[in-house]
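Participant: Can you keep this structure in mind? I'll have questions shortly.
Please treat every number below as a calculation from the coordinates, not as lab data. Being a predicted model, the structure only gives us computed values, none of them experimental. Please note: Cβ atoms are built from the backbone with ideal geometry, for glycine as well, and neighbour counts cover all protein chains shown.
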Amino acid sequence: GGSTGLNYYMFFGGTNLAGWGARRMTTSYDYGAALKESGGVGEKFAAVKGVGDFVNRFGTQLARSEAIEFTTSDNIKDLTVGVRRTKEGTLFIFIFNKDKKKAFRDNVQFHIKGMPAFNVYCSVEPLDSKVLVLSQANGQCEWYPKEQTLPERPQSSSNCSLTWYVFLFILTAHLPCC
C-alpha cells in the first residue's frame, strides 16, 4: 500500500552548448524543471521540496513500515488509497486523486483491523497526492507535503547596471590610445 507518481523528466534546465537544435541555434530548455536555467524556481521546486521534507522527516519510519489491510467508505471511486503502519503504530495514509479535472473534497471512513473506524476529511486537487500521518504516540495527525514558501528572487537594481556602464565608460575614456 502506497503511492507512486513522482517523476523527474528534468530537474534543472539548461543550454546544450555542445550541440545545435537547428542551424545556428543552440538547444535551451527546462520544460517544467524544478530549477530553471536562469536559476529561478517555481511550483515544481515547491513540490519537490515538500516531498523531500516529508522523506527527511519520516523516511526511516516509512521504510520500516508495513502495508496493512483496510476498507473505506464507497465514495472514493476516483481515489487510490494505501495504508502503512510502523511498529510503534503510526499510520501513513497515502491518497492519490486520479480525476484529471475534479478535486476530491469529502469525508472518507477507514476501517482498519484492531482499531475503531474513523473518518478523515480529504481535500485533494486533481491528479495530486497527499499523505496523512496519524501518530499513535501523541494522537496528532498531519497532512503532507506541507505548503512550501518559495525563496524570494533578489531585486535587481537598474542603478547597479547603470553604475557598471558608467564605470566602463570612464575606464575606457582614460585608457591610452594605441
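Participant: For a 25 Å ceiling on Cα separation, which of these pairs sit above it: Lys49/Lys77; Lys44/Lys100; Lys44/Lys77; Lys49/Lys130? Present the calculation step by step, with values, prior to reporting the outcome.
Facilitator: On the way: Lys49/Lys77 29 Å; Lys44/Lys100 18 Å; Lys44/Lys77 27 Å; Lys49/Lys130 14 Å.
Flagged as over cut-off: Lys49/Lys77; Lys44/Lys77.
Participant: Test of the criteria: in segment 53-98, which chymotrypsin sites (Phe, Trp or Tyr not before Pro) are in a DSSP loop and have at most 16 other Cβ atoms within 10 angstrom of their Cβ?
Facilitator: Details: sites: Phe54, Phe58, Phe70, Phe92, Phe94, Phe96; in loops: none.
Here no chymotrypsin sites (Phe, Trp or Tyr not before Pro) fit, given the DSSP loop and packing criteria.
Participant: Then there is this: For the pair Glu147 and Ser73, how long in nm is the line joining their label points, each one 7 Å along Cα→Cβ?
Facilitator: Modelled inter-label distance: 2.5 nm.
Participant: Which percent of Cα-Cα pairs in segment 92-142 sits in each 10 Å bin, short to long?
Facilitator: Per 10 Å bin, starting at zero, the Cα-Cα P(r) for segment 92-142 comes out as 23, 50, 22, 4 percent.
Participant: Provide the per-residue ³J(HN,Hα) series for segment 117-124, in order, calculated from phi with Karplus coefficients 6.51, -1.76, 1.60 and θ = phi - 60°, each as a whole number of Hz, with x at glycine and proline positions.
Facilitator: 4, 9, 9, 10, 7, 10, 10, 10
Participant: Also, quick follow-up: Return the loop-located trypsin sites (Lys or Arg not before Pro) in segment 60-136 (DSSP other than H, G, I, E, B) with at most 15 other Cβ atoms within 10 Å of their own Cβ; answer none if there are none. Walk me through the intermediate numbers first.
Facilitator: On the way: sites: Arg64, Lys77, Arg84, Arg85, Lys87, Lys98, Lys100, Lys101, Lys102, Arg105, Lys113, Lys130; in loops: Arg64, Lys77, Lys87, Lys98, Lys100, Lys101, Lys102, Lys113.
Hits after loop and neighbour filter: Arg64, Lys77, Lys87, Lys98, Lys100, Lys101, Lys102, Lys113.
Participant: Per q in 0.15, 0.17, 0.20 1/Å, what log10 I(q)/I(0) does a Debye calculation on the alpha-carbon atoms of segment 36-163 return?
Facilitator: -0.79, -0.96, -1.23
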